[in-house]
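The values are calculated or read from the model by the stated rules, or taken from the named source; none is laboratory data. All values derive from a computational prediction rather than experimental measurement. Here the Cβ positions follow ideal geometry from the backbone for every residue, glycine too, while neighbour counts run over all protein chains shown. Ligands, DNA and RNA are excluded from the accessible area calculation, which covers all protein heavy atoms including side chains. Shrake-Rupley method; radii C 1.70, N 1.55, O 1.52, S 1.80 Å.
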Amino acid sequence: MRPDCQTSELKSMEIIYPKQLSKIYVPVELDGTKGKTIFQIAHRKSNTTIYWHLDGSYIGSTQQIHQMGLAPGEGIHTLTLVDETGESITQPFEIINKRK
C-alpha cells in the first residue's frame with residue numbers, strides 16, 4: 001500500500017437499535033405488564049453467534065437473527081456484544097420513564 005492511502009477498518013458488527021446515547025421509553029402492554037424494547041444488531045456473517053451483555057452481565061446469545069427483547073430498569077445502561085471471534089462493540093443507552 002502507498003503511504004498516502006487511507007484505510008478504514010471495517011467492523012463486522014453494527015448496532016441498528018438503539019443508536020448511540022439513545023433515550024428509550026419502554027411502554028406498558030395493554031394488559032398492564034411492562035413491555036420490551038427490541039434491540040437489533042447487524043453482523044457481516046449472519047450465522048455468527050453473538051453474545052449479549054447488559055451492564056457487564058451475560059444475558060444470552062443470538063445466531064442468524066440478531067434481535068433480543070429487553071426491559072432494563074430506568075437509568076443509563078451499557079450494551080456489550082461479542083462475536084465468536086472475539087470482536088466486541090459497546091454502546092450506552094438510557095431508559096426513561098413516561099412523565100405524567
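Which residue fluctuates most in the GNM of the chain (Cα springs below 10 Å): THR49, THR78, THR33?
Maximum among the listed residues: THR33.
Lysine pairs, Cα distance under 24 Å, 8 or more residues apart or cross-chain: how many in the chain?
14
When the accessible area of the chain is computed with all protein chains present and a 1.4 Å probe, what percentage of it is carbon and sulfur? Spell out each step's value before the answer.
Numbers: 3470 of 6990 Å².
For the chain, the apolar C and S fraction of the accessible surface comes to 50 percent.
If LEU10, LEU70, LEU30 are ordered by their accessible area, calculated over protein heavy atoms with a 1.4 Å probe, which sequence runs from highest to lowest? Present the calculation step by step, with values, prior to reporting the outcome.
On the way: LEU10 125, LEU70 20, LEU30 185 Å².
Sorted by accessible area, descending: LEU30, LEU10, LEU70.
Taking N as the number of residues in the chain, what is its Cα Rg relative to 2.2 N^0.38 Å? If you can, show how the numbers build up before the last one.
Numbers: Rg = 16.3 Å, N = 100, 2.2 N^0.38 = 12.7 Å.
Taking N as the residue count of the chain, the ratio is 1.28.
Sketch the reach of a paramagnetic label on TYR51 as a point 7 Å from Cα along Cα-to-Cβ, and name the residues of segment 75-89 whose backbone nitrogen lies under 16 Å away.
Residues 79-89 qualify, since their backbone N sits under 16 Å from the label point.
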